[in-house]
1. Do any residues in the range 52-68 that are over 12 Å from TYR42 (Cα atoms) have Cβ atoms under 7 Å from those of residues that are of a type outside the set (Ser, Thr, Tyr) and exposed (fewer than 11 other Cβ atoms within 10 Å of the Cβ), where the two are at least six apart or on different chains, and which pairs are they?
2. Taking the stated definitions as given, is VAL28 among the hydrophobic types (A, V, I, L, M, F, W, C) and at pLDDT below 65?
3. Count, please, the residues in the range 38-68 that happen to be aliphatic (A, V, I, L, M) and within 16 Å of the chain's Cα centre (by Cα).
Amino acid sequence: MKRLIAVGMALLSMTLLSCTTKQAQHFVGAAIADGADTQVRYSASQCRTLRMQCVQGDFQEWETSEKEMGCSCKKL
């Protein structure tokens with residue numbers, strides 16, 4: 001029983017750490033982008049919206065290391 005609880009706690013800790021890391025990466029990416037006059041988004045729906053708004057800019061898409069969509073619009 002103690003071993004099962006320990007395994008469960010380890011899995012929960014790993015899950016929380018991965019969420020925190022992803023959120024931290026998004027926060028740092030957005031902070032850097034703001035300084036470069038660039039908008040950054042991290043989901044397919046947000047990227048579709050950003051693409052439509054990025055009329056006079058350089059729009060780029062990529063896949064993150066977590067296999068999610070990322071995109072940016074740099075104002076020209």
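The values are calculated or read from the model by the stated rules, or taken from the named source; none is laboratory data. These numbers come from a predicted model, not from an experiment. So basically every Cβ, Gly included, is an ideal-geometry build from the backbone, and we count neighbours across all protein chains shown.
1. GLN56/LEU76; GLY57/LEU76; ASP58/LEU76
2. yes
3. 3
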